[in-house]
Structures are given as C-alpha cells and as structure tokens.
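Down below is the structure, laid out as structure tokens.
Every read-out reported here was derived from the displayed coordinates using simple, explicitly stated rules and does not represent laboratory data. The shown structure was predicted, so the numbers you read here are calculated from the model rather than taken from an experiment. Cβ sites come from the backbone with ideal geometry, for glycine too, and all protein chains shown count toward neighbours.
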Amino acid sequence: MKSRAQNILITGGAGYIGSHMVRLLLEQGFKPVVFDNLSTGHKEFIPKGVPLVKGDLRDPAAVRRAFRRYPVSAVVHFAAAIVVPESVAEPLNYYENNVSATVNLLKGMKEAGVRRIVFSSSACVYGNPLKSPILENEPLKIENPYGATKVMVEQILGDLARAGCIDFIALRYFNVAGAHSQGGIGIKMAKPTHLIPNVMRVACGLKKELAVFGDDYPTKDGTCVRDYVHVVDLVEAHLLALRALAKGKVKNEVINLGNGRGFSVKEVIEAAVKVTGRPVPHKVLPRRPGDSVNVVASYAKARRLLGWKPQRGLDTILSSAYQWECAGS
Ligand code: UDP
C-alpha cells in the first residue's frame, strides 16, 4: 500500500455498520483496511481484496502491527460492544472493549502519526431525553455502563483534540436499521434485541409473535417513539465526515445522525405490514426496563457542517430489512 491518503482503517469493519462503510469506501475509490477480532463480526461481510487484520484492540501490540503494516490517513472506529443489558451485567467488559481498546487505538494512531478519527457514538449519551428533537448541546446523562463508555470516549477525544493530538468527529447514532440494497450484509445475530429485526422475523414467519414492550407511555399511542435511520444514509455521513476532516473544514465536533422523525412501536408495526404485505402478530408485554420514552434527533448540525441529509425513510428501511432478514424464507 503506497499512497496513504486513500487508505482508511475501519475497526469493526466486519460488523453490521462497519461492513456497510467498507462497501461505500470501495465504491468511492478508497482502500479500506478492516481491523476486527470477529467476536461479533463476520468474515464473509468483508469483500474480496479488502485486507482483514484479525486482531483485538485491547492488545496494543496488535494495534501497533496493524498501523505499521498499513499506513492509513484516517480511522473510522466502529468496534465496540453494544448490548445495553449486557453492559449492566458485565461492566468491566464494556470498559475494556469500548474505553481501554479505544485508548490503545489512539496510542497506535499517535505512534503512527495518524490524526483523523471518526467515532461511533450514540444517542444514548442523552439518556431519557425530555426534549424532542434533541440538539447536540443537550446535557449528557449516563444511564448505563454502555452509555458511560460512549460519553467517556467523547471526553477522551475532546481532551486529545484540545491537546492538539487529533482531529475527530463523533457521530451520535439514533436507531440504525435497514440493509444494503444489494444484499449480503445486515444485522446478523442469533437473537436480535432490536425492534425492526424482530418485526421482520415475525413478518416472514421465523418468529411467531412480536412482544411490544409497554403501551402505557406518554406518547401518541402509548408505545415508545424512536428515530430510525437507514444504515446506508448513516455511513454516507461518515464519508462526509472523513472528507470534511481531510479538508480541515470541520473538526472536533459531536454530530447527531437521525432522520428527524419519530415513529412509535405501533407505527413501525403498521408500516411493516404495509411494506411486506404480511401480518405481524403482536402482544403487549410490560415495559422493558431502561427504555427511553421518546428519542428523536435534530440533524440540523449534520446538514450544516457535513451537508448530510438522510435520503431513505421508514419504508425503505423496512423493505431492505425485510429483504435481509427474510432472504431464503
Ligand atoms: N421493542 C419492542 N419489541 C421488541 C424490541 C423492541 O417493543 O422486540 C421496543 C423497545 O421497547 C423500544 C423500541 O422498540 O421502545 C426500540 O427498541 P430497540 O431495541 O430497537 O432500540 P433502542 O432504542 O432500545 O436502542
């Protein structure tokens, strides 16, 4: 690998969002290099010809070796553990996987002279927000160890930027869903916890019934409201962030990524029935502990700083999720 400019290190590049990023970078003429320990990622998600460094960010030597072997101009850091209840049960794993690992990555970048990083943060840094839509300057609220790791890494990135060591953009994702239109990559979990994969599994008969967790919330129909953003729109924002960092136009910012529209659980079910033409039998169960009531983004900052505007609405999210979840059934 000679020219460093087009080479981008993608941590977690074998995972759901990371693999969509890798495809987009290839389409745009970049040379992605994937760093992944394949604990939750999938080797088959990595296109032929894209180098895979099978390594663990918790291992500083592995990180150092990767930077030595592959000179890169920037890092997009997706690798993380992401299951909130698991973070409550095993906090140390989360601090190691999400915080210590990121510190190792940042040390590796420093040694290799790589300044630019795009980081996957999350709307969970707002806790159970009172305002809707949410702007980036809302106060942060830690509600579980997973959320704490995202707040901590944002803090670390801010400190390093203030010390003049890095240029970063942290992207706060709202509810990411959907899959690539050409297939082959998507959310792959034995037992997904997220709403849309579960709705689709019911629609295609892989699961008998959907559990609706609570219908007594103070929302339009009593079920929780979320802002669903298509994974392809999401990775397009990462590309814009990489380009903005490279130009020095935007740096050291936290930016929301959502569609700016809220849908309740019931609305998602109704839309899924329309899009798929299949019934989605469901029953109401008690509230799931820890769920926020209403989480909707303002993406005005992403639009202003990155020129990003989501192109895909709920129907496209649902039809692509249906294709992915139900391929072959
Ligand atoms: N939800 C549900 N049934 C499911 C999965 C999720 O009713 O099988 C609800 C959940 O209680 C929440 C919303 O759907 O109100 C979105 O949950 P998800 O896990 O997809 O994302 P979160 O916002 O929790 O990260």
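Bridges between two residues of the chain, per DSSP, are antiparallel at a rate of about 5%. Quick one: grab the alpha carbon gyration tensor of the stretch 75-173, order the square roots of its eigenvalues as a ≥ b ≥ c, and give me rounded if a/c is under 1.5, else prolate or oblate depending on whether a/b is larger than b/c. Oblate, because a/c is 1.5 or more while a/b does not exceed b/c.
Shape class for the stretch 73-122: oblate, because the ratio a/c of the largest to smallest gyration tensor axis (alpha-carbon atoms, square roots of eigenvalues) is 1.5 or more and b/c is at least a/b. Have a look at P286, P133, P145 and tell me which one the Gaussian network model of the chain (Cα, springs below 10 Å) gives the largest fluctuation. Among P286, P133, P145, the largest GNM mean-square fluctuation belongs to P286. Look at the dipole of the stretch 53-198 built from charges on Cβ: of S87, P192, M109, the Cα furthest out on the positive end belongs to M109. Rounded to the nearest 20 debye, the dipole size of the chain about its Cα centre is 1080 debye, using +1 on the Cβ of Lys and Arg and -1 on the Cβ of Asp and Glu.
Would you work out which of Y217, L206, L234 lies farthest towards the positive end of the dipole of the stretch 202-329? Charges go on Cβ: Lys and Arg +1, Asp and Glu -1. It is L234.
Scoring 99-107, 213-221 by mean Cβ neighbours within 10 Å over their residues and listing the highest first yields 99-107, 213-221. Across the chain, the convex hull enclosing all Cα atoms gives 123 Å³ per residue. Counting only residues at least eight positions apart within a chain, or on another chain, the lysines with an alpha carbon under 27 Å from that of K43 are K2, K31, K54, K107, K150, K188, K191, K207. Just to confirm my numbers, what's the Cα centroid distance between the stretch 214-235 and the stretch 44-91 in Å? The two parts, judged by their Cα centres, are 29 Å apart. Placing +1 on the Cβ of every Lys and Arg and -1 on the Cβ of every Asp and Glu, with nothing else charged, gives the stretch 126-188 a dipole about its Cα centre of roughly 180 debye.
The gain in end-to-end length when the K54 to K110 segment is fully stretched comes to 18.1 nm, 0.36 nm per residue minus the alpha carbon separation.
Cβ screening of the chain for cysteine pairs under 4.7 Å finds these without a partner: C124, C165, C224. Computed from point charges on the beta carbon alone (+1 for Lys and Arg, -1 for Asp and Glu), the dipole magnitude for the stretch 21-91 about its Cα centre is near 480 Debye. Can you tell which of S121, N98, I10 lies farthest toward the positive end of the dipole of the chain, using +1 and -1 charges on the Cβ of basic and acidic side chains (Lys, Arg; Asp, Glu)? Checked the options; the winner is I10.
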